[in-house]
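Have a look at the structure below, then the notes.
The values are calculated or read from the model by the stated rules, or taken from the named source; none is laboratory data. Predicted, not measured: the structure shown is a model, and the values here were computed from it. Ideal geometry is used to build each Cβ from the backbone, glycine not excepted, and the neighbour counts take in all protein chains shown. Remember, those area values only see protein heavy atoms, side chains included, never the ligands or the DNA or RNA. Shrake-Rupley method; radii C 1.70, N 1.55, O 1.52, S 1.80 Å.
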Amino acid sequence: MIQMDNDPKHTAKATQEFIKAKKWKILEWPSQSPDPNPTEHAFHLLKTKLRTERPTNKQQLKAAAVKAWKSIKKEETQHLVMSMSSRLQAVIASKGFSTKY
């Protein structure tokens, strides 16, 4: 089973034909629905830490990303995992619409 929203890359004819050929079942997912996945929130932390960087080539970008990733504290990632229950409850309460998370 795969999860898709109505993003154009998901609704494109070639994509639909590929999915049909693979006989995949689709889990419908509303557009702009919140993503409670802790990984998405970890990447947000990374992106926030990278905002001040101004790399001018791939090597600098990689070095900045590694440095930023290593700067994320264990407590920050633990919080993301431990808050999963409250994020899911917020999604349920909002009936799939935006939440504060």
| query | Where in the range 45-63 is the amide nitrogen less than 20 Å from a point lying 7 Å along the Cα-to-Cβ axis of Thr77? | reply | 45-51, 62-63
| Paired Rg and Dmax values of the chain, which use every Cα atom, in angstrom | 17.8, 45
| So, with a 1.4 angstrom probe, what is the percent of accessible area on the chain that is carbon and sulfur? | 59 percent
| query | Once every DSSP H run of n ≥ 4 in the chain is given -39500 (n - 2.57) and the sum is divided by its residues, what mean residue ellipticity at 222 nm do you get, rounded to the nearest 500 deg cm²/dmol? | reply | -17500 deg cm²/dmol
| task | Return one whole number: the accessible area per residue of the chain in Å², for a 1.4 Å probe. | result | 83 Å²
| request: Measure off 7 Å from each Cα along the Cα-to-Cβ vector at Met4 and Lys70, then give the distance between these two points in nanometres to one decimal. | output: 4.2 nm
| query | Rounded to the nearest 10 Å², what accessible area does Ser86 show when all protein chains are kept and the probe is 1.4 Å? | reply | 40 Å²
| What FRET efficiency, computed as 1/(1 + (r/R0)^6) with R0 = 25 Å and r the Cβ-Cβ distance, is obtained for Lys22 and Leu88, rounded to the nearest 0.05? | 0.30
| Given H placed on each backbone N at 1.01 Å, which residues far from Met4 in sequence or on other chains put an amide H within less than 5 Å of it? | Leu27, Trp29
